[in-house]
1. Inside segment 118-226, counting only helices (runs of 4 or more DSSP H) that do not spill past its ends, which hold 1 or more residues that are more than 30 Å from residue 29 (Cβ to Cβ), in contact (Cβ under 8 Å) with a residue 12 or more places away in the chain and aliphatic (A, V, I, L, M)?
2. If I ask for residues that are exposed (fewer than 14 other Cβ atoms within 10 Å of the Cβ) and among the basic types (Lys, Arg), which ones from segment 133-148 would you list?
3. Can you tell me which residue among 66, 47 is open to solvent by 10 Å² or more (accessible area, probe 1.4 Å) and farther than 19 Å from residue 149 by Cβ?
4. Taking only segment 191-226 into account, find how many residues are of a type in the set (D, E, K, R), open to solvent by less than 80 Å² (accessible area, probe 1.4 Å) and more than 18 Å from residue 125 (Cβ to Cβ).
5. Answer yes or no as to whether residue 177 is closer than 29 Å to residue 14 by Cα, surrounded by 18 or more Cβ atoms within 10 Å (Cβ to Cβ) and modelled with pLDDT of 95 or more.
6. Please specify each residue of segment 33-63 satisfying the condition of being among the basic types (Lys, Arg) and either closer than 15 Å to residue 118 by Cβ or part of a loop (DSSP other than H, G, I, E, B) (or both).
7. Residues of segment 118-132 being open to solvent by less than 10 Å² (accessible area, probe 1.4 Å), modelled with pLDDT under 90 and either within 10 Å of the chain's Cα centre (by Cα) or not β-branched (Val, Ile, Thr) (or both), which ones?
Amino acid sequence: MSIFIQMQLNERLYLKNPQDTKLGKKIIQYSIILIDEIGFEAFTFKKLAERINSTEASVYRYFENKHRLLVYLLCWYWEWMKFHIDYNTMNIEDPKQKLKIAISAIVDTSRRNTSIQFVDEDVLHRIVVAEATKAYHTKQVDEENKEGFFLTYKSLAKRIAKIIKEVNPDYAYPRALASTLLEMANNHIYFAQHLPSLTDIEVKEDDLSQVEELLEDFAFGLLIRG
């Protein structure tokens, strides 16, 4: 897919929109690379500034701290995932097929979009799998939720829940199932890669087909009984 889009994200996540400047795009590009290389705990603005041959102060002009940068990156990915779901279900009438498309997007929205040169979705996907829970499993989650930090994630879950209701209008827990599918995908990719005794699926050379099969089995097993 080679469609130009600019992600509209919560302005409270940043001090200056990184999508508007060359330096801002470089900060996004190399923060993704560096977090993937060393992990979020070891990541600092000082290390990022050294990587991009800039100053730590220049990074702080865009983001208040590294936590907000992480949330920004995750929101970018969640918005990209929602775009994939909306785009690929646009002319689909069958609700079951819509849900299969949504599950495919949940598992792997890492296909490279050549129109967005400063974001490598494949690398960002690895960050989502490894680091996503660190964005909202914090003491500040309630305050940040009030500021709208997670509206993108909630909008994505709401979109998936709507498809779930189309498959089975009588199903009582569409939002719970939507959020469970989102978390389940990341958890089982992570388990397969690092704690294999906690899952029954395997991930070989970035082949995520078994994860997709797991989510389909789980979702349709709940939605279509008998």
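The values are calculated or read from the model by the stated rules, or taken from the named source; none is laboratory data. Computed from a predicted structure; not experimentally measured. Positions of Cβ are generated from backbone atoms using ideal geometry, with glycine treated the same way; all protein chains shown enter the neighbour counts. SASA here: full protein model, heavy atoms, side chains in, ligands and nucleic acids out. Shrake-Rupley method; radii C 1.70, N 1.55, O 1.52, S 1.80 Å.
1. Numbers: elements: 121-131, 133-136, 141-146, 151-167, 174-194, 209-223.
The qualifying helices (runs of 4 or more DSSP H) are 151-167, 174-194, 209-223.
2. 139, 146 - these are the residues of segment 133-148 that are exposed (fewer than 14 other Cβ atoms within 10 Å of the Cβ) and among the basic types (Lys, Arg).
3. Details: 66 fails: farther than 19 Å from residue 149 by Cβ.
Answer to the selection: 47.
4. Filtering segment 191-226 down to residues of a type in the set (D, E, K, R) leaves 200, 202, 204-207, 212-213, 216-217, 225.
If we keep only those that are open to solvent by less than 80 Å² (accessible area, probe 1.4 Å) as well, we get 207, 212, 216.
With more than 18 Å from residue 125 (Cβ to Cβ) added as a condition, the list becomes 216.
Of the residues in segment 191-226, 1 are of a type in the set (D, E, K, R), open to solvent by less than 80 Å² (accessible area, probe 1.4 Å) and more than 18 Å from residue 125 (Cβ to Cβ).
5. Numbers: closer than 29 Å to residue 14 by Cα: no; surrounded by 18 or more Cβ atoms within 10 Å (Cβ to Cβ): yes; modelled with pLDDT of 95 or more: yes.
Against the criterion (closer than 29 Å to residue 14 by Cα, surrounded by 18 or more Cβ atoms within 10 Å (Cβ to Cβ) and modelled with pLDDT of 95 or more), residue 177 does not qualify.
6. First, the residues of segment 33-63 that are among the basic types (Lys, Arg): 46-47, 51, 61.
Correct list: 51, 61.
7. Residues of segment 118-132 that are open to solvent by less than 10 Å² (accessible area, probe 1.4 Å), as a first pass: 119, 121, 124, 127-128, 132.
Adding the requirement that they be modelled with pLDDT under 90 leaves 119, 121.
121, the sole residue that qualifies.
The rows are residues; the columns are (1) touching a Ser or Thr at 6+ places or on another chain (Cβ under 8 Å); (2) under 30 Å from residue 33 (Cβ atoms).
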{"residue": "138", "(1), (2)": "no, yes"}
{"residue": "159", "(1), (2)": "no, yes"}
{"residue": "167", "(1), (2)": "no, no"}
{"residue": "170", "(1), (2)": "no, no"}
{"residue": "191", "(1), (2)": "yes, yes"}
{"residue": "194", "(1), (2)": "no, yes"}
{"residue": "198", "(1), (2)": "no, yes"}
{"residue": "212", "(1), (2)": "yes, yes"}
{"residue": "219", "(1), (2)": "no, no"}
